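The values are calculated or read from the model by the stated rules, or taken from the named source; none is laboratory data. Bear in mind the structure is a predicted one, so any value in this text is a computation, not a measurement. Cβ: placed from backbone, ideal geometry, glycine included. Neighbour counts: every protein chain shown.
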Amino acid sequence: MLKLEDLNVYYGGIHALKGIDMEVEENKIVTLVGANGAGKSTTLRTISSLVKPKSGKITFNGEDITNLKTTEVVKRGITLVPEGRRVFANLSVLENLKLGAFLRNDKSEIEKDIKYIYSLFPRLEERTEQMSGTLSGGEQQMLAIGRALMSRPKVLMMDEPSLGLAPLIVKDVFNIIKEINKEGITVLLIEQNAQAALKIADYAYVLETGKIVLEGPGKELASNDEVRKSYLGEN
Ligand code: ATP
């Protein structure tokens with residue numbers, strides 16, 4: 001469905017992605033794990049066309065999307081939930097959700113999707129008029145995911161959705177990711193909480209200083225000794 005071929009990305013003199021090959025199959029949960037600075041965010045940002053690769057190719061259902069504008073990538077169904085949540089603090093919950101649908105004009109369907117998001121996140125419905133900047137960290141994360149869903153993505157990319165959240169809320173976030181995936185949305189997930197990500201992932205890639213060093217089914221990597229020692233902080 002989504003394919004990255006020999007992708008090379010530079011930030012000035014820094015070679016951040018060194019020939020990445022990756023494939024995300026439809027309806028799967030795929031995760032990208034690796035240490036800080038390995039290039040995980042850069043990979044997602046390149047898919048979203050926020051960063052331009054120097055060479056390589058990104059295709060989506062066979063179409064070359066490498067040099068499209070970000071809004072065109074969103075229109076095709078690939079949406080990013082960026083790290084650090086980034087909700088519009090001075091807008092209400094409802095206004096934030098509506099902004100997620102800015103490329104759509106099917107009003108009644110938009111209303112339906114808002115209802116669906118409120119069924120996924122009842123806490124957001126209770127806070128529909130609240131200014132988003134006053135939501136708790138977990139609520140802001142829910143809102144960021146909800147806002148991304150408002151674009152009706154085929155592929156939802158998430159950059160560290162559990163960062164800074166309390167353990168109980170982290171569990172909620174992972175359950176929501178599974179539920180979203182069951183609805184037919186393909187998920188590409190970056191997580192610092194690698195063990196939890198590998199558990200729910202159908203397939204996983206391990207990134208080290210801009211290169212993929214290992215790949216395989218999530219559960220297989222989670223039980224791989226080398227992965228456990230090097231990436232999951234176990235002995
Ligand atoms: P983290 O988990 O810490 O977010 P990451 O795996 O997502 O790490 P990236 O953010 O993709 O890693 O960064 C990859 C490399 O590119 C790092 O060496 C980083 O310092 C560098 N880098 C990222 N963004 C920029 C930028 N805007 N300008 C210059 N260098 C950058």
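Could you give me the residue pairs with C-beta distances under 6 Å whose first residue belongs to segment 61-72 and is over 18 Å from L103 (Cβ atoms), whose second residue is among the basic types (K, R) and surrounded by 13 or more Cβ atoms within 10 Å (Cβ to Cβ) wherever it lies, and which are 6+ apart or on separate chains? Close Cβ pairs satisfying both conditions: T66/K57. Taking segment 178-195 as the range and being in a helix (DSSP H, G or I) and within 15 Å of the ligand (Cβ to nearest atom) as the test, only A194 passes.
Taking segment 62-163 and the helices (runs of 4 or more DSSP H) fully enclosed by it, the elements with 3 or more residues that are closer than 21 Å to L2 by Cα and of a type in the set (A, V, I, L, M, F, W, C) are at 137-149. Here R86 meets each of (1) touching a strand residue (DSSP E or B) at 6+ places or on another chain (Cβ under 9 Å); (2) under 22 Å from E191 (Cα atoms) with one exception, condition (1).
Quick one: in segment 100-111, which of the residues that are more than 15 Å from Q140 (Cα to Cα) and surrounded by 14 or more Cβ atoms within 10 Å (Cβ to Cβ) is modelled with the highest pLDDT?
In the first step, residues of segment 100-111 are kept if they are more than 15 Å from Q140 (Cα to Cα); the result is 101-111.
Going one step further and asking which of them are surrounded by 14 or more Cβ atoms within 10 Å (Cβ to Cβ), we end up with 101, 104, 110.
Numbers: A101: 90, R104: 83, I110: 94.
Ranking the candidates gives I110 first.
If you check K69, K3 for being at pLDDT 95 or above, more than 16 Å from the ligand (Cβ to nearest atom) and more than 27 Å from S162 (Cα to Cα), only one passes: K69.
For (1) more than 21 Å from Y203 (Cβ to Cβ); (2) surrounded by 18 or more Cβ atoms within 10 Å (Cβ to Cβ); (3) among the hydroxyl-bearing types (S, T, Y), each residue gets a yes or a no:
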position	(1), (2), (3)
L4	no, yes, no
G12	yes, no, no
E25	no, no, no
I29	no, yes, no
V33	no, yes, no
K57	no, no, no
N61	no, no, no
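The single condition among (1) surrounded by 19 or more Cβ atoms within 10 Å (Cβ to Cβ); (2) within 9 Å of the ligand (Cβ to nearest atom); (3) not charged (D, E, K, R) that V74 does not meet is (2).
Which one of these is modelled with pLDDT under 95, away from the ligand (no atom under 14 Å from the Cβ) and farther than 17 Å from S151 by Cα: N90, N61? On inspection, the qualifying residue turns out to be N90. If the condition is being within 14 Å of the ligand (Cβ to nearest atom) and either part of a strand (DSSP E or B) or basic (K, R) (or both), then segment 23-58 contributes T31, L32, V33, K40, R45, K52, K54.
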